[in-house]
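Data first, discussion second: the structure below is written as structure tokens.
Read-outs: derived from the displayed coordinates by stated rules, not from any lab. This is a predicted model, so every value here is computed, not measured. When we count neighbours, we look across all protein chains shown, and the Cβ atoms used for this are built from the backbone with ideal geometry, even at glycine.
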Number of protein chains: 2
Amino acid sequence: MSGGGPKYELHEGAPLPDELLLEPRKERIEQVLANRTRNLVVVLDRLEDSFNMAAVLRTCEAMGVQEVHVVRNPDVPWSPNSKVTQGCDKWLDLTRYDDFTSCRRALKDRGFSIQVSAVREGARSLFELKFDTKVALVFGNERFGVSEEVLSQADGFFWLPMLGFTQSLNISAAASASITRAVAWRMEHLGRHGDLSADETRALRDHFKLLSVKQRGRLYGQHVKRG
Amino acid sequence: MSGGGPKYELHEGAPLPDELLLEPRKERIEQVLANRTRNLVVVLDRLEDSFNMAAVLRTCEAMGVQEVHVVRNPDVPWSPNSKVTQGCDKWLDLTRYDDFTSCRRALKDRGFSIQVSAVREGARSLFELKFDTKVALVFGNERFGVSEEVLSQADGFFWLPMLGFTQSLNISAAASASITRAVAWRMEHLGRHGDLSADETRALRDHFKLLSVKQRGRLYGQHVKRG
């Protein structure tokens, strides 16, 4: 179900990341942590274009959205274009699922409302959505939109008001407009976007510090794990 | 300086578009006209990626932004990916320039404020910008940003608050976030986004009707112009 990049682990004898990182880097990590959330997450349902995959990841990372949940496209491998991500994906928690049902179950267990980008009867404008609870924004395939599986299991639908002849935005543009809107809403109505708990902050700080060590493969790669 | 798709012209003897279009199409055209503006425009400075070119055009069309001004990239032809535009570009007024200076002159003559997306000393947050006057939003090259020519001739700079490690959004994402924000601002503060004058509406209505005729190449193509 899960995925992501290589795993690293601290082990006895290896220098602590704290000893290897310079102050400016540590300060940068604290800034990012202060603007991070796990209460707004993004779900990508069977995307097929590597440029879109990458652009959405980059938007999430830039906007402090820590979690991206990816439902597998049976026909196309998950392959975000690295020229577009520029390596940002290493900072994200990417969870992969074989189907939407298991993705939804995991998010519902954590109390998320599943809001799906789709033009449907009863869909609300993006500008009417509130973001004061846990919200998962779901975006579908570039050509087919979200699957029937998603449509039947959504808590709600939203759409970006389309003012021209065009009937939908490209997924990278739609996700950017939606995420930016959500972040702006949270800043305005909640006073801040970042809202990690103390425990979450501590865990993510350790993880970000590990990822910030240039020699992490050699120092902390699983092959040298001793503990 | 200028560009765009093929040109069509009414001429004696050809049926009027009004006679060929069905009512639902005419109503759709009126809806689009009511949400169209020439007071918010987008400038693309030397883009190089055909996916980005296309995604921005699609966002503009979808958001009622009628004019896109394109400054030539000397190394890469202007070639928006048609799978991404899905043909939306025919509805837009695309003006092309050899350099930014001539683009800027044309926009300044019409009273535009030139606001450039760039992280610079004194740059304002996107969320602080007002859109109650004529504003041109300028986006630069994917790798190099906007040129020195642009930087020295801007009226102001803006940036999207970057909350993570990523230092900038992909251009298609940045443009979408910015344009959506501008449209939402205009709706909230001006009561509406569309603001064509009566003359502009009339001219664009005629143009949209012509473009809506499936046989326009045969009926109105320049090669059959008689007038």
(message) If you filter the stretch B:123-204 for chymotrypsin sites (Phe, Trp or Tyr not before Pro), then keep DSSP loop positions with at most 16 other Cβ within 10 Å, what is left?
(response) B:F144
(message) Under a crude label model (7 Å from the Cα following the beta-carbon direction), how far is A:D75 from B:S82 in nanometres?
(response) 2.1
(request) Determine the percent antiparallel among the DSSP beta bridges restricted to the protein assembly as shown, to the nearest 5. (result) 15
(request) Please go through the stretch B:7-90 and write out the trypsin sites (Lys or Arg not before Pro) that DSSP classes as loop and that have at most 14 other C-beta atoms within 10 Å. (result) B:K7
(request) Could you tell me which helices of chain B pass both thresholds, a Cα extent of 15 Å or more along their own axis and a mean Kyte-Doolittle hydropathy of at least -0.5, with helices taken as whole DSSP H runs? (result) B:50-62, B:171-190
(request) Return the calculated 222 nm mean residue ellipticity for chain B, to the nearest 500 deg cm²/dmol, obtained by summing -39500 (n - 2.57) across DSSP H runs with n ≥ 4 and dividing by the residue count. (result) -11500 deg cm²/dmol
(request) Find the Rg to Rh ratio for the protein assembly as shown, where Rh is the Kirkwood radius over alpha-carbon pairs and Rg uses the same atoms. (result) 1.01
(request) Using Cα centres only, tell me the gap between the stretch B:17-43 and the stretch B:53-107 in whole Å. (result) 19
(message) Can you list the copy-to-copy distances for B:G111, using a point 7 angstrom from Cα toward Cβ, in nanometres, shortest first?
(response) 5.2
(request) Using all C-alpha to C-alpha distances in chain A, build P(r) with 5 Å bins and read off the rounded percent in each one. (result) 1, 6, 14, 17, 19, 16, 12, 7, 4, 2, 1, 0, 0
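Filter the cross-link list B:K7/B:K83; A:K83/B:K83; A:K130/B:K26 down to pairs whose alpha-carbon distance in this structure exceeds 29 Å.
Table pairs above 29 Å Cα-Cα are A:K130/B:K26.
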(request) Working from the alpha-carbon coordinates of the stretch B:152-223, get Rg over Rh, Rh being the Kirkwood radius. (result) 1.17
(message) Using C-alpha positions alone, give me the convex hull volume of the stretch B:1-112 per residue in cubic angstrom.
(response) 128
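Among bridges DSSP assigns within the stretch B:15-167, what percent are antiparallel (round to 5)?
Close to 10 percent.
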(message) Can you compute the FRET efficiency between A:D199 and B:F127 using 1/(1 + (r/R0)^6), with r the Cβ-Cβ distance and R0 = 22 Å? Round to the nearest 0.05.
(response) 0.10
(message) Going 7 Å from Cα along the Cα-Cβ axis for the label, what nanometre distances separate A:E148 from the same residue across the other copies?
(response) 6.1
(message) Are there any GluC sites (Glu not before Pro) in the stretch B:96-161 that are in a DSSP loop and have at most 16 other Cβ atoms within 10 Å? List them by number.
(response) B:E121
(message) List, shortest first and in nm to one decimal, how far the label point of B:R218 (7 Å from Cα along Cα→Cβ) is from its counterparts in the other copies.
(response) 7.2
(request) Set the Förster radius R0 to 45 Å, insert the Cβ-Cβ distance between A:E12 and A:K134 as r into 1/(1 + (r/R0)^6), and round the FRET efficiency to 0.05. (result) 0.75
(request) Sort out for me the Cα centre separation of the stretch A:151-227 from the stretch B:188-203, rounded to whole Å. (result) 37
(request) Using R₀ = 22 Å, calculate the FRET efficiency as 1/(1 + (r/R₀)^6) where r is the Cβ-Cβ separation of B:R110 and B:A34; round to 0.05. (result) 0.50
(message) Using Cα-Cα distances under 8 Å and only pairs 6 or more residues apart, what relative contact order does the stretch B:45-102 have, in percent?
(response) 46
(message) Shape verdict for the stretch A:46-162, please, from the Cα gyration tensor: rounded (a/c under 1.5), prolate (a/b greater than b/c) or oblate.
(response) rounded
